[in-house]
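> I have a structure I would like to understand better, so I am pasting it below and will then ask my questions one at a time.
The values are calculated or read from the model by the stated rules, or taken from the named source; none is laboratory data. Everything numeric in this text was worked out from a predicted model, so none of it was measured. Every residue, glycine as well, gets a Cβ built from its backbone with ideal geometry; the counts of neighbours run over all protein chains shown. Keep in mind that these areas ignore ligands, DNA and RNA; they rest on the heavy atoms of the full protein, side chains included. Shrake-Rupley method; radii C 1.70, N 1.55, O 1.52, S 1.80 Å.
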Amino acid sequence: MIHDTAGIPGEEERLVARLSLEQKVRLLTGADSWRLHGESAVGLRPIVMSDGPAGVRGTSLDARSPSSSLPCPIALGATWDDQLVHDLAFALGQETRARGVDVLLAPTVNLVRTPLSGRGFECFSEDPLLTTRLAVAYVRGVQEAGVGATAKHYVANDSETERRTYDARISDTVLREVYLPPFEACVAEADVAVIMAAYNSVNGTAMTTNSTLLRDVLKAEWEFSGVVVSDWSATRTTVPSATGGLDVVMPGPHGPWGDHLLAAVRAGQVPESDIDDKVARLLALARRVGALNGALDGGALHEVASAPRALVDPVLMRDVTARSFVLLSNPRGLLPVSTGSVEKVALIGPNAIDPQTQGGGSVRVLPVVGMRLAEALGDAFDAFVTMSQGCVTSATTAAPSDGSFHDPVTGAPGVRLEVRVAGGAIVHDTPFPTSTVTWWDGLPEAVHFPGSEVVMRTRYRAATNGPHMLGAAGVGLLRVFLDGTLLAEATTLTPRDAVEALSRPPEVRIPVELEAGREVDIRIEHRPNARGHQGGFASMRLGITPQLNDETLIEDAVRAAAAADLAVVVVGSADGTESEGYDKDTMALSGRQDELVRRVAAANPNTVVVVNSGMPVLMPWAEEVAAVIQAWFPGQAFGEALADVLTGTVEPGGRLPVTVPRAEADSPVLRADPVAGELAYAEGLLVGYRGYDRTGLEPHFSFGHGLGYTDWSYESLAPAVQSITAGQDLTLIATVRNSGDRAGREVVQLYLEGPDDDPSRPVRVLAAFSSVSAEPGEQAEARLSVPARSFARFDGGRREWVWQPGTYRLRAARSSRDLRLAAEVVLR
């Protein structure tokens, strides 16, 4: 049972007692999309929330105030470095506080259950222990900056397909051992301020109404004292959600609570003590973030030690980004490349022209502009850099990256935006820096009114003669004009998920013939008809590109590679292919990217492939190239970090937080498609590398794998044999030596093998990890702390943790498949 008014700490109890029922209920639904209501009777100002895990957006996208764009969370997972994640999260917290935001809607602590996860880039890893350690570090860092962190999405929200409605069918054992530990640790070890209840159901009950998981587990068993907020528009009931453990409904001001909840309390369907508990939790959160009489609590959320910086330190960002890159292969030792040995670099690939620095959906920010890849490599190598697209991959028509869209009124780069209400009156007329606009871009409320129209105008001068593709995207009626002539009129359909309308809105594409150097007027009229947080307008996008021939592009790239000392091929995901709201269809690279890599490698033996994707992709050419680097969605410092790694200024420090298969069919879980609304977690405990180990399938690159620029020998694991009792933590020391010729860093991993060979259980699980650094020839000791829970199993029948006596084996390793040393532990 959760606490009633009698259990509220004294100060919150006194404040709650000052409020009428109407005042209390009003506080429990958002005032708008990102703010909660204030209440002067208790000195409460509105609490402000904002996405996101890879940068704080604020309540709108403002071109005058761009956000730091961090490496995506899966890239942070690849660092295997909780202190580094803590430091970056602290800096993010400072930026969050500087933007006037109180609660950051991060981190995402769900697991990467399938490599086709559309939102997998927003998670830390496929493993519960790695996710737990990094999640705790992230929460602590954000909250030490005086900002509340939000662990989301509670729980089993590991698929985007039908994410708002599917019912995850999952055993208590699997929940407790795999999917709940990151949330539990965020509560127990980091005192996380907020937990977000997910869209989906678990075992027949929606998470916003799931009293077993919200009241019994989270609030009673784990003693969570913070606020449970709904995912945006996830709450669809009044009484079940109010009595089930949910505290706050977002967004507002409309929703299933408000007057409906007030009536339910008066009818005796919801105890007023439940309302008091929710309000007390909200007031406690307000006190922690300085929203209650302006005072920060000196306890769980620490005072900010210094004035917050406006943006995350770019030096820290660059270091973290380079440390997240995973060197998957380097068989000939091409990397690092001496700067004096290269005069000409061929930079090739669709993602070299249009790098994907962040994933799609609510995670996106308007980023600080980083150094372009070509500029960064040219500076680092002091070399001439050629650029070749290689092939076409984008499913949408891209906006020109050279600033060739211009506001027809001011002439400044960008477009002109108008909002017209029914009847034609213009209520908004302003320049806008990009040709993509979304509902959170600070447009007037009228944009959501029936009959409203958004008009985007720009002038464009083509660089080449010939056919171009003009694309206009949005949900609803679209009219496309060129030089005043109507080219197309169409009504697009609403996507299955509202967020899909942000990441890949349906597009009308029109082929046009343009003359180089001649300026044309482009006008898009959009009458929106979309579902979403606001309803009405969701997003609008304008793009134009020359129509290019793949074969010509590949031939140009091959010629450039053959003439260069070094070929760097950047392949990966196209814009809109990895996003919240939908899952991926395939792990294969889109278009002719595989062919491009092979033909470039055949032309130049010094070919390095950089994979720019959030989730792993198939790499059938990996053995044909000189080196492969997994760069994830790396944020704004992509260019500088890549230059640092290629030249050896920085060692690539990443280790895989996910497994990379040779074939899609090898993945323990590939498609996560609900059947008749149910999503069965049939793999049980065998998610990720655990499934590969149990089946014996050899992955292409195993969980934990990653190379550096030196070699390591593993010398001892001590104590070799020891005995412990149930509930006892364990510490081992792994001694390793840098056996290479330059300083380096090693991530020592420790895997635990159980005393029996139950086929339903993993062969081994990650139990601890630690990083060490050493000079050439130097020895280092990695301290590996194994929590007692690692030796326990959750008995679903008895609903409790049990310890199984026997002999366990611990293996120090470089990856889940590269096992170097062993020790035995006897559990008595």
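> Tell me, which strands (runs of 3 or more DSSP E) lie completely within the range 709-828 with 2 or more residues that are acidic (D, E) and under 29 Å from T695 (Cα atoms)?
Numbers: elements: 712-718, 721-724, 730-738, 744-753, 765-774, 779-786, 792-795, 800-803, 806-813, 819-827.
Fully inside the range 709-828 and qualifying: 744-753.
> Turning to a different aspect of this structure: I need a count of the residues in the range 431-463 that are open to solvent by less than 30 Å² (accessible area, probe 1.4 Å) and acidic (D, E).
2
> Output the residue which, of all residues in the range 475-491 that are out of contact with any Leu (no Cβ under 7 Å at 6 or more places or on another chain) and β-branched (V, I, T), is most open to solvent (accessible area, probe 1.4 Å).
It comes out as T485.
> Please indicate, with yes or no, whether at least one residue in the range 19-26 is free of Cβ contacts under 8 Å to residues at least 24 places away in the same chain, in contact with a strand residue (DSSP E or B) (Cβ under 9 Å, 6 or more places away or on another chain) and not charged (D, E, K, R). It would help to see each step written out before you state the result.
Going through the range 19-26, the residues free of Cβ contacts under 8 Å to residues at least 24 places away in the same chain turn out to be 20, 23.
Now drop any that are not in contact with a strand residue (DSSP E or B) (Cβ under 9 Å, 6 or more places away or on another chain), which leaves 23.
Subset that is not charged (D, E, K, R): 23.
Yes, the conditions are met somewhere in the range 19-26.
> Please find, within the range 387-420, the residue that is surrounded by the fewest Cβ atoms within 10 Å (Cβ to Cβ) out of those that are among the aliphatic types (A, V, I, L, M), in a strand (DSSP E or B) and under 31 Å from the mean Cα position of the chain (by Cα).
Initially, the range 387-420 is screened for residues among the aliphatic types (A, V, I, L, M), giving 387, 392, 395, 398-399, 409, 412, 415, 417, 419.
Okay, now just the ones that are also in a strand (DSSP E or B), so 387, 415, 417, 419.
After this cut, where a residue has to be under 31 Å from the mean Cα position of the chain (by Cα) as well, the list is 387, 415, 417.
Numbers: M387: 17, V415: 27, L417: 22.
Top of the filtered list is M387.
> Here's another thing I want to ask about it. Specify which of the listed residues (L553, L596) is in contact with a Gly (Cβ under 6 Å, 6 or more places away or on another chain), open to solvent by 20 Å² or more (accessible area, probe 1.4 Å) and either at positive phi or in contact (Cβ under 8 Å) with a residue 40 or more places away in the chain (or both).
On the way: L596 fails: open to solvent by 20 Å² or more (accessible area, probe 1.4 Å).
From the options L553, L596, the qualifying one is L553.
> Let me ask another. Of A561, A588, which residue is under 22 Å from A626 (Cβ atoms), touching a helix residue (DSSP H, G or I) at 6+ places or on another chain (Cβ under 8 Å) and among the small types (G, A, S)?
On the way: A588 fails: under 22 Å from A626 (Cβ atoms).
On inspection, the qualifying residue turns out to be A561.
> Any residue in the range 800-807 that is among the hydroxyl-bearing types (S, T, Y), under 22 Å from L130 (Cα atoms), modelled with pLDDT of 95 or more and surrounded by 13 or more Cβ atoms within 10 Å (Cβ to Cβ)? First the steps, then the outcome.
Going through the range 800-807, the residues among the hydroxyl-bearing types (S, T, Y) turn out to be 807.
When the remaining residues are screened for being under 22 Å from L130 (Cα atoms), the result is none.
Checking the range 800-807: not a single residue is among the hydroxyl-bearing types (S, T, Y), under 22 Å from L130 (Cα atoms), modelled with pLDDT of 95 or more and surrounded by 13 or more Cβ atoms within 10 Å (Cβ to Cβ).
> Next up: Criterion first (open to solvent by 50 Å² or more (accessible area, probe 1.4 Å) and of a type in the set (A, V, I, L, M, F, W, C)) does A718 satisfy it? Please lay out each step first, then the result.
On the way: open to solvent by 50 Å² or more (accessible area, probe 1.4 Å): no; of a type in the set (A, V, I, L, M, F, W, C): yes.
Judged against the criteria, A718 is not a match.
> Being buried (at least 17 other Cβ atoms within 10 Å of the Cβ) and over 30 Å from the mean Cα position of the chain (by Cα) is the filter here; which residues of the range 778-792 pass it? Before you say what the answer is, go through the steps one by one.
Of the residues in the range 778-792, the ones buried (at least 17 other Cβ atoms within 10 Å of the Cβ) are 780, 782, 784, 786, 789-792.
Result: A780, F791, A792.
Here's the yes/no breakdown for (1) touching a helix residue (DSSP H, G or I) at 6+ places or on another chain (Cβ under 6 Å); (2) more than 23 Å from E160 (Cβ to Cβ):
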| residue | (1), (2) |
| --- | --- |
| A663 | no, no |
| R671 | no, no |
| A676 | no, no |
| L679 | no, no |
| G684 | yes, no |
| Y692 | no, yes |
| T695 | no, yes |
| G704 | no, yes |
| G708 | no, yes |
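> Another one. Given (1) open to solvent by less than 60 Å² (accessible area, probe 1.4 Å); (2) small (G, A, S); (3) out of contact with any Pro (no Cβ under 8 Å at 6 or more places or on another chain), where does G423 come up short, assuming only one miss?
Looking at each condition in turn, G423 falls short on (1).
> To continue, here is another question. Which pairs do you get when a residue that is on the phi > 0 side of the Ramachandran plot, found in the range 727-738, comes within reach of a residue that is open to solvent by 50 Å² or more (accessible area, probe 1.4 Å), reach meaning Cβ atoms under 8 angstrom, with the pair 6+ apart or on two chains?
Close Cβ pairs (under 8 Å, with a partner that is open to solvent by 50 Å² or more (accessible area, probe 1.4 Å)) amount to G727/W803.
> Out of the range 462-502, which residues are farther than 16 Å from L542 by Cβ and either of a type in the set (G, A, S) or in contact with a helix residue (DSSP H, G or I) (Cβ under 6 Å, 6 or more places away or on another chain) (or both)? Break it down into steps so the answer makes sense when it comes.
Start the filter on the range 462-502 by keeping residues that are farther than 16 Å from L542 by Cβ, which leaves 463-467, 484-485, 491, 493-500.
Within the range 462-502, A463, G466, G484, P495, A498 qualify.
> Do we have any residue at all in the range 618-629 that's open to solvent by 10 Å² or more (accessible area, probe 1.4 Å) and within 20 Å of Q356 (Cβ to Cβ)?
For the range 618-629, residues open to solvent by 10 Å² or more (accessible area, probe 1.4 Å) and within 20 Å of Q356 (Cβ to Cβ): present.
> Also: Which of the residues spanning the range 255-272 are surrounded by fewer than 17 Cβ atoms within 10 Å (Cβ to Cβ) and farther than 16 Å from T235 by Cα?
If the condition is that a residue be surrounded by fewer than 17 Cβ atoms within 10 Å (Cβ to Cβ) and farther than 16 Å from T235 by Cα, then A263, R266, A267, G268, Q269, P271, E272 are the ones that fit.
> Considering only the range 447-535, give the strands (runs of 3 or more DSSP E) lying wholly within it that have at least 1 residues that are without any contact (Cβ under 8 Å) to a residue 24 or more places away in the chain and not basic (K, R).
Details: elements: 453-461, 466-474, 476-482, 485-491, 507-514, 519-528.
In the range 447-535, 485-491 are the strands (runs of 3 or more DSSP E) which contain 1 or more residues that are without any contact (Cβ under 8 Å) to a residue 24 or more places away in the chain and not basic (K, R).
> Please determine whether any residue of the range 373-382 is open to solvent by less than 30 Å² (accessible area, probe 1.4 Å) and in a loop (DSSP other than H, G, I, E, B). Lay out the reasoning, then the answer.
At the first step, the residues of the range 373-382 found to be open to solvent by less than 30 Å² (accessible area, probe 1.4 Å) are 373-374, 376-378, 381.
Next cut, in a loop (DSSP other than H, G, I, E, B) only: none.
Within the range 373-382, not a single residue is open to solvent by less than 30 Å² (accessible area, probe 1.4 Å) and in a loop (DSSP other than H, G, I, E, B).
> Now for a different question. What is the residue count in the range 94-110 for residues that are touching a residue at least 60 places away in the same chain (Cβ under 8 Å) and more than 11 Å from the chain's Cα centre (by Cα)?
Initial filter on the range 94-110 (touching a residue at least 60 places away in the same chain (Cβ under 8 Å)): 94-95, 97-98, 102-103, 105, 109-110.
Among the residues that remain, those that are also more than 11 Å from the chain's Cα centre (by Cα) are: 94-95, 97-98, 102-103, 105.
Counting residues in the range 94-110 that are touching a residue at least 60 places away in the same chain (Cβ under 8 Å) and more than 11 Å from the chain's Cα centre (by Cα) gives 7.
> Of P657, P661, P668, which residue is open to solvent by 40 Å² or more (accessible area, probe 1.4 Å) and under 24 Å from the mean Cα position of the chain (by Cα)?
P668
> If T212 satisfies every condition in (1) without any contact (Cβ under 8 Å) to a residue 24 or more places away in the chain; (2) closer than 16 Å to R35 by Cα but one, which is the exception?
Looking at each condition in turn, T212 falls short on (2).
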